[in-house]
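Participant: I have a structure here, written as structure tokens, and I will follow up with some questions on it.
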């Protein structure tokens, strides 16, 4: 939620999942409520319409944000291996190794 490339975030939950949005929100600490919105689908009459409204609000907050140049040497990468399937070790890992 505090990534410099995330101008705004919409967190969406169904309302019946094990990982509840409210519990996730508590782990975040202080957030900018203008840039981080939360929506529970089961609490909406029309979740598509509600989601679009959230996105319009978020866009209006971030649309005037300006990019700032940064040094490539300051760029950080995080990698996690192998959670998806057996092909990640054959395809993704060698590609990421070559990239880094």
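Here, each number is a calculation from the coordinates, and none is a lab measurement. All values derive from a computational prediction rather than experimental measurement. All Cβ positions, glycine included, derive from the backbone under ideal geometry; neighbour counts span all protein chains shown.
Participant: Distance in nm between label sites at residue 72 and residue 98, each 7 Å beyond Cα in the beta-carbon direction?
Facilitator: 1.7
Participant: Any chance you could tell me what percent of the C-alpha pair distances in region 20-73 go past 14 Å? Numbers along the way, then the final one.
Facilitator: Details: 952 of 1431 pairs.
Result for the distance tail: 67 percent.
Participant: Taking only DSSP H segments of four or more residues, each worth -39500 (n - 2.57), what value at 222 nm results for the chain once the sum is divided by all its residues, to the nearest 500 deg cm²/dmol? All intermediate terms of the calculation are to be shown ahead of the outcome.
Facilitator: Values: 3 runs with 32 residues, N = 100.
About -9500 deg cm²/dmol.
Participant: Taking only the C-alpha atoms, wrap a convex hull around the chain and report its volume per residue in Å³ as a whole number.
Facilitator: Working: hull volume 15.9 nm³, N = 100.
Dividing the Cα hull volume of the chain by its residue count gives 159 Å³.
Participant: At a 10 Å Cβ-Cβ cut-off, how would you order 77, 38, 24, fewest neighbours first?
Facilitator: 77, 24, 38
Participant: Can you figure out the FRET efficiency of residue 91 with residue 5, using R₀ = 35 Å and their beta-carbon distance, to the nearest 0.05? Numbers along the way, then the final one.
Facilitator: Numbers: r = 25 Å, r/R0 = 0.71.
Efficiency, rounded to the nearest 0.05: 0.90.
Participant: By how many nm would the segment from residue 46 to residue 63 grow when fully extended, if each residue of separation counts as 0.36 nm and the alpha-carbon distance is taken off?
Facilitator: Values: separation 17, 0.36 × 17 = 6.12 nm, distance 2.55 nm.
Length gained between residue 46 and residue 63: 3.6 nm.
Participant: For the chain, calculate the relative contact order in percent as a whole number, restricting contacts to Cα pairs under 8 Å that are 6 or more residues apart. Intermediate results must be reported in sequence, preceding the final value.
Facilitator: On the way: 64 pairs, mean separation 25.0, N = 100.
For the chain, the relative contact order is 25 percent.
Participant: Between residue 56 and residue 20, 0.36 nm times their residue separation minus their Cα-Cα distance comes to what? List each step's numbers first, then the result.
Facilitator: Working: separation 36, 0.36 × 36 = 12.96 nm, distance 2.42 nm.
Gain in length upon complete extension: 10.5 nm.
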